[in-house]
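Written out below as structure tokens is the structure these notes cover.
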Amino acid sequence: MNIEVVVDAQTIYNTYQSNLGSFASPTPIAHEYIYMVTQPVFVTSTTPTTQATADLNITCNVGDNVRWTFSTLSQEVAMYALPYQISTFAGTNVMSTPLPIMLQPDEPIMTLPVPAAGPAYTGATQYDYIMQATITNNDAGTAEQYKVYFMLVQASSSGGLTTVGYFSWDPTITVNPPA
């Protein structure tokens with residue numbers, strides 16, 4: 001199961017500019033700046049839905065892998081959110097300790113300009129940094145609160161990258177067995 005974590009990087013940076021934290025002591029942030037989405041088939045039906053919130057309610061089997069990928073909303077500034085640790089701090093453990101993984105899939109890249117005969121593409125190796133854990137407990141309604149530690153990295157107009165802050169976020173994942 002893939003979970004896309006969407007980070008409002010520019011708003012986080014602007015809001016917490018006076019307290020950008022450190023690697024060892026990241027600044028805790030509010031839930032409103034980050035949300036999670038996954039395929040609807042994995043979201044446990046609840047009212048209101050937990051899709052696109054900080055507290056995701058999912059359906060999966062013991063042994064299923066959960067993969068978190070991060071993307072950012074950053075207005076006109078190129079900013080990236082890079083998670084470096086995910087750890088449990090409350091509730092019942094529902095997953096193994098998430099570990100970082102580097103994937104290198106071949107992905108299609110559009111050929112430009114688009115040929116008159118129709119779109120064409122070439123393959124290019126991409127580097128995808130993710131965090132992955134395995135579900136260890138899917139007793140109905142079992143919730144685990146965890147803390148995500150991440151850094152914000154900003155790209156400069158000259159092409160360099162600079163770490164601009166360290167933050168932590170405390171979402172909840174609730175796991176349910178398939179019906």
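Nothing in this text is a laboratory measurement; each read-out follows from the coordinates by a stated rule. Remember, predicted model here, so these are calculated numbers, not experimental data. Note that we place each Cβ from the backbone using ideal geometry, even for glycine, and neighbour counts take in every protein chain shown.
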Tell me the label only: which of (1) -0.34, -0.73, -0.89, -1.07; (2) -0.44, -0.68, -0.83, -1.03; (3) -0.30, -0.74, -0.93, -1.10 is log10 I(q)/I(0) by the Debye sum over Cα atoms at q = 0.08, 0.13, 0.15, 0.17 Å⁻¹ as calculated from this structure? (3)
Given the -39500 (n - 2.57) contribution per DSSP H run of 4+ residues, what per-residue ellipticity at 222 nm results for the chain, rounded to the nearest 500 deg cm²/dmol? -1000 deg cm²/dmol
Volume per residue (Å³) of the convex hull spanned by the alpha carbons of the stretch 55-94 is 126 Å³
Arrange the following residues from fewest to most other Cβ atoms within 10 Å of their Cβ: D170, D139. D139, D170
For the stretch 1-55, which chymotrypsin sites (Phe, Trp or Tyr not before Pro) are both in a DSSP coil and crowded by at most 15 other Cβ atoms within 10 Å? F23
Ranked by Cβ crowding within 10 angstrom, fewest neighbours first, how are E4, E144 ordered? E4, E144
Residues in the stretch 138-165 that a label on S87 would reach, taking backbone N under 17 Å of a point 7 Å out along Cα→Cβ: 145-151
Take the chain, connect every pair of alpha-carbon atoms lying under 10 Å apart with a spring to form a Gaussian network, then pick out the residue of N14, N61, N138 with the largest mean-square fluctuation. N14
Rounded to the nearest 5, the percent of antiparallel DSSP beta bridges in the chain equals 75 percent
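Rounded to the nearest 20 debye, what is the charge dipole size of the chain about its Cα centre when +1 sits on each Lys and Arg Cβ and -1 on each Asp and Glu Cβ? List each step's numbers first, then the result.
Details: 2 positive and 12 negative charges, 34 e Å.
Result for the chain is approximately 160 debye, rounded to the nearest 20.
For the stretch 79-142, run through the chymotrypsin sites (Phe, Trp or Tyr not before Pro) and keep only the ones in DSSP coil with at most 14 other Cβ atoms within 10 Å of their Cβ.
Working: sites: Y80, Y84, F89, Y121, Y127, Y129; in loops: Y127.
Within the stretch 79-142, the qualifying chymotrypsin sites (Phe, Trp or Tyr not before Pro) (loop, at most 14 other Cβ atoms within 10 Å) are Y127.
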Local electrostatic count at D128 - Lys and Arg +1, Asp and Glu -1, tallied over other residues with Cβ under 13 Å: -2
